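The values are calculated or read from the model by the stated rules, or taken from the named source; none is laboratory data. Remember, predicted model here, so these are calculated numbers, not experimental data. Neighbour counts run over all protein chains shown; Cβ positions are idealised from the backbone, glycine included.
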């Protein structure tokens, strides 16, 4: 399978990707736990059907020491006992922030308040920014049908 556009060799895509990848590097240095960032990126990618980002976030999380069990259960996090309450709040915010069109009001006040119980303003900013960023990456990859499966951990690091 080939992508509809070659995002890696196209000059316009290269300029665009340089900026959004840079935004991701800025989030990596935030105080939001790296594991939470990976779990949120993985869950949004699953919802959006982005195979490339699902592959990437799974492999990067494993390389960073995340357990296979927790990664296997991200899609069913509500029933899984392996996530902290803070991670559950982040996953809920990620789901609602990804499925904005599914409800008239977007993210509920309850989901926001729950996340705010566990994360300070700096971490909430990183969480919201990360949700927005992964959704941008997902949409780009889904639109061009970027193939999944060949990603190597840290490939874009």
Inset, instruction - Quick one: residue 78 ticks every box in (1) more than 30 Å from residue 14 (Cβ to Cβ); (2) part of a helix (DSSP H, G or I) except a single one, so which number is it? - result: (2)
Inset, instruction - State whether the residues of segment 126-147 include one that is farther than 29 Å from residue 6 by Cα, modelled with pLDDT of 95 or more and either surrounded by fewer than 16 Cβ atoms within 10 Å (Cβ to Cβ) or over 18 Å from the mean Cα position of the chain (by Cα) (or both). - result: no
Legend entry - Leading residue by the ranking (nearest to residue 155 (Cα to Cα)) among those in segment 1-25 that are touching a residue at least 60 places away in the same chain (Cβ under 8 Å) and surrounded by 11 or more Cβ atoms within 10 Å (Cβ to Cβ): 21
Inset, instruction - Identify all residues within segment 39-51 that are crowded, with 23+ Cβ neighbours inside 10 Å and not in a loop (DSSP other than H, G, I, E, B); write none if there are none. - result: 39, 40, 41, 42, 43, 44, 45
Legend entry - Odd one out for residue 60, checked against (1) in contact (Cβ under 8 Å) with a residue 24 or more places away in the chain; (2) farther than 19 Å from residue 33 by Cβ; (3) in contact with a helix residue (DSSP H, G or I) (Cβ under 7 Å, 6 or more places away or on another chain): (2)
Inset, instruction - Could you check, for segment 16-33, whether at least one of its residues is in contact with a helix residue (DSSP H, G or I) (Cβ under 9 Å, 6 or more places away or on another chain), assigned to a helix (DSSP H, G or I) and farther than 14 Å from residue 133 by Cβ? - result: no
Legend entry - Residues of segment 94-103 satisfying the condition of being modelled with pLDDT under 95 and part of a helix (DSSP H, G or I): 100, 101, 102
Legend entry - Flag for residue 122 being within 21 Å of residue 45 (Cβ to Cβ), part of a helix (DSSP H, G or I), in contact (Cβ under 8 Å) with a residue 40 or more places away in the chain and out of contact with any helix residue (DSSP H, G or I) (no Cβ under 6 Å at 6 or more places or on another chain): no
Inset, instruction - Filter segment 39-56 down to the residues that are closer than 13 Å to residue 72 by Cα and without any contact (Cβ under 8 Å) to a residue 60 or more places away in the chain, then identify the one that is farthest from the chain's Cα centre (by Cα). - result: 46
Inset, instruction - Answer yes if at least one residue in segment 84-93 is modelled with pLDDT of 95 or more, in a loop (DSSP other than H, G, I, E, B) and closer than 17 Å to residue 47 by Cα, and no otherwise. - result: no
Inset, instruction - Would you mind telling me which numbered condition in (1) in contact (Cβ under 8 Å) with a residue 40 or more places away in the chain; (2) farther than 27 Å from residue 3 by Cα; (3) assigned to a loop (DSSP other than H, G, I, E, B) residue 106 fails? - result: (1)
